[in-house]
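Peer 1: Please read through the structure below; I'll follow up with questions.
Bear in mind these aren't lab numbers, they're just calculated from the coordinates by the rules spelled out. As the structure is a prediction and not an experimental result, all values here were calculated from the model. So basically every Cβ, Gly included, is an ideal-geometry build from the backbone, and we count neighbours across all protein chains shown.
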Amino acid sequence: MPKKKRVLFIAAAAAALLLAAFAFYYVRGREPHSVTAFAMGSYVQQTLYGYGAQQAGQDAYQAIAGLENRISWRRGHSAVGLVNQGAGGGPVAIDADTRVILETALSVSEKSGGAFDVTVAPLSRLWDFDTDPHLPDGESIARALSFVDYRRLGLSDEGVVLPRGMAVDLGAAGKGAACDAAVEIYKRDGVKGAVVAVGGSVGLYGQKPGGGPWQVSVRDPWGEGSIGVLALEGGFVSTSGSYEKFFEEGGRVYHHLLDPKTGYPAESGLVSVTVCSDNGALSDCLATACFVLGYEESLALLEGFGAQAVFVDEGGKITCTEGLRGCFTPGP
């Protein structure tokens, strides 16, 4: 073969190989990578699109597991665990990520007038919905309530100060914060799009393959199906519902969404609240606050944070805030 033709043949072969490699990269990048693990007391489900999705999924899970080690009050070595152990003493230093979540929880505590209270841990421990749910006696509830008051928590550059007997619980922010952490990894690793679900919280990132909005089902509080679908371009969705954790005693059902003012499960007439926001931890806190407040009293709170919500009451009525009325499609 003449030298010139040989060079042209080699160049054409190289171009073909390059084109094949690009096609493989493109097709592989469009295939979803799905992975399920466990953290935050819930399944962590991720579906990622784009080249590098597998590594991004691993990195996101490690970020979530690391976050749990910092904010879980059940872990004595965590930042929150150390804050609670230091109650009654001087400031306890916390890391930057924990501070951001605590500031978010404090903001919702303040603006909800305590319907959500970041110092609810004495009550949470008393009812113990995670390991041994039971109805506490009235005297024990009254005693626990005396240690629940977000206004007595001090947060400064030096750290967190708590009066003796008080304790912080970031559980109502944790799953949403986990979605925040995962989405930050997706941005860093450059995936095209991803969905992460941690318990009742969902994070939506990037572009959906084929275009169009992401579809998020809103769970039916009385069954395994859905009451409708939210079509969203991105952001975070968190649901709080009385069906998540409950027990029956003396012919009455008690759920885990406690009212910090009474010490008992909230009686707002709602069975679930789904909040959409641009921040995962915020959506999680707001879902709890709105469940305790009820529909009417939640509207100003949601507006103040630029969030939207879907409410389901005990009679099965579904009500959406104005910003979601074009995004929510009820089910059959």
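Peer 1: Based on the Cβ-Cβ distance of residue 157 and residue 110, what FRET efficiency does E = 1/(1 + (r/R0)^6) give at R0 = 22 Å, to the nearest 0.05?
Peer 2: 0.70
Peer 1: DSSP loop (so not H, G, I, E, B), at most 16 other Cβ within 10 Å: list which GluC sites (Glu not before Pro) in segment 247-332 pass both filters.
Peer 2: Of the GluC sites (Glu not before Pro), the ones in loops of segment 247-332 whose Cβ has at most 16 other Cβ atoms within 10 Å are 267, 314.
Peer 1: Here is a further query. For segment 45-330, how many pairs of lysine residues have a Cα-Cα distance under 23 Å, where the two are 8 or more positions apart or belong to different chains?
Peer 2: Qualifying lysine pairs in segment 45-330: 10.
Peer 1: Shifting gears a bit: Between residue 278 and residue 149, what's the calculated FRET efficiency when r is the beta-carbon distance and R0 is 25 Å? Round to 0.05.
Peer 2: Efficiency for this residue pair is about 0.30.
Peer 1: Show me the trypsin sites (Lys or Arg not before Pro) within segment 161-205 that DSSP assigns to loop and that have at most 16 other Cβ atoms within 10 Å of their Cβ.
Peer 2: Those satisfying the criteria are 164.
Peer 1: Let me ask something else. Could you work out the helix-only [θ] at 222 nm for the chain, with each DSSP H run of four or more residues adding -39,500 (n - 2.57) and the total divided by the number of residues, to the nearest 500 deg cm²/dmol?
Peer 2: Calculated mean residue ellipticity at 222 nm is -12500 deg cm²/dmol.
Peer 1: Okay, next question. Label residue 217 and residue 43 with points 7 Å out from Cα along Cα→Cβ: what is the distance between them in nm?
Peer 2: For residue 217 paired with residue 43, the spin-label model returns 1.1 nm.
Peer 1: Let me make sure I get this right: for segment 129-195, a, b and c are the square roots of the gyration tensor eigenvalues over alpha carbons, sorted descending. Under 1.5 in a/c it's rounded, otherwise prolate if a/b > b/c, else oblate. Which is it?
Peer 2: oblate
Peer 1: May I pose another question? Provide the three semi-axes, in whole Å and in decreasing order, of the ellipsoid equivalent to segment 127-246 as defined by the square roots of 5 times the Cα gyration tensor eigenvalues.
Peer 2: In descending order the semi-axes read 35, 23, 10 Å.
Peer 1: Using Cα springs under 10 Å in a Gaussian network model of the chain, which residue among 96, 194, 39 shows the largest mean-square fluctuation?
Peer 2: Result for the chain, Cα springs under 10 Å: 96 fluctuates most.
Peer 1: Report the local net charge at residue 68: Lys and Arg +1, Asp and Glu -1, summed over other residues whose C-beta lies under 11 Å from its C-beta.
Peer 2: With Lys, Arg at +1 and Asp, Glu at -1, the net is +4.
Peer 1: Taking each full run of DSSP H in the chain as one helix, which ones are at least 18 Å long along their axis (Cα atoms) and have mean Kyte-Doolittle hydropathy of at least 1.0?
Peer 2: 280-293
Peer 1: Could you tell me the convex hull volume per residue, in Å³, taken over the Cα atoms of segment 45-330?
Peer 2: It is 127 Å³ per residue.
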